[in-house]
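Only one structure is covered here, and it is reproduced in the block below.
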């Protein structure tokens, strides 16, 4: 047997063993992690504790939905709670920077992290659990339900939990009456609510808002004219 054929057989064996190990790990993790059938109940309980109410899918403004998807998870409607591209990009960043700094998280993963991991997926094991929980969420909820749940529970600074409460805090008006620019500003806050706080750092908030608008334009969610009009609004 040639050296090349021996190497090929060993590679196939290693790949098979890795596949089996992955399947076993996935099955065990699925079994030991909680069911996500109570996800919407958890969102409701969280909102009640912060004196607000969860959004129904038809209550999420189209501008806010588009802004969140553009900046948080551009493949939201195509993925199944897991973005291989995002995970690969995050892994490369972590390896080159010697940290566990990037999550590569989808919107579904962020929802799972908030509801089941107390907002903490800072270790490789917790990130793996987060992925499994996200896949579970996708099996229980529609994309519209997931987006509404995320918009209802995500922390947006100044004690505001969820977009409805943040809309009142920052703009003193209901979520349904926000402009495209204001939708974009809210969508830009989850990454760093304190840093992009429009009441404290209006310059950084405007830059972040405009980056969200540009992401929406690049993805064809709004026109160039709409992006320019929204970017001309004051903070």
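Could you list 216, 185 in order of exposure, starting from the residue whose Cβ has the fewest other Cβ atoms within 10 Å?
Working: 216 25, 185 28.
Fewest-to-most Cβ neighbours within 10 Å comes out as 216, 185.
Would you mind calculating the gained length between residue 38 and residue 200 on full extension (0.36 nm times residue separation, minus the Cα-Cα distance), in nm to one decimal? All intermediate terms of the calculation are to be shown ahead of the outcome.
Working: separation 162, 0.36 × 162 = 58.32 nm, distance 3.65 nm.
Once the chain is fully extended between residue 38 and residue 200, it gains 54.7 nm.
Grab every C-alpha pair in region 33-231, bin the distances at 10 angstrom width from 0 up to the longest one, and report whole percents.
Final binned percentages: 9, 35, 39, 16, 1.
Round to a whole angstrom and tell me the spacing of the C-alpha centers of region 213-235 and region 171-203.
Region 213-235 and region 171-203 have Cα centres spaced 15 Å from each other.
What are the radius of gyration and Dmax of region 162-235, computed over its Cα atoms and given in Å?
11.5, 31
What ranking do 200, 135, 43 get, fewest neighbouring Cβ atoms within 10 angstrom at the top? Don't jump to the answer; show the numbers that get you there.
Working: 200 12, 135 18, 43 24.
Taking fewest neighbouring Cβ atoms as first place, the list is 200, 135, 43.
Computed from the coordinates by the stated procedures, all read-outs in this text should not be read as laboratory data. Predicted, not measured: the structure shown is a model, and the values here were computed from it. As a convention, Cβ positions derive from the backbone with ideal geometry for all residues, glycine included, and neighbour counts pool all protein chains shown.
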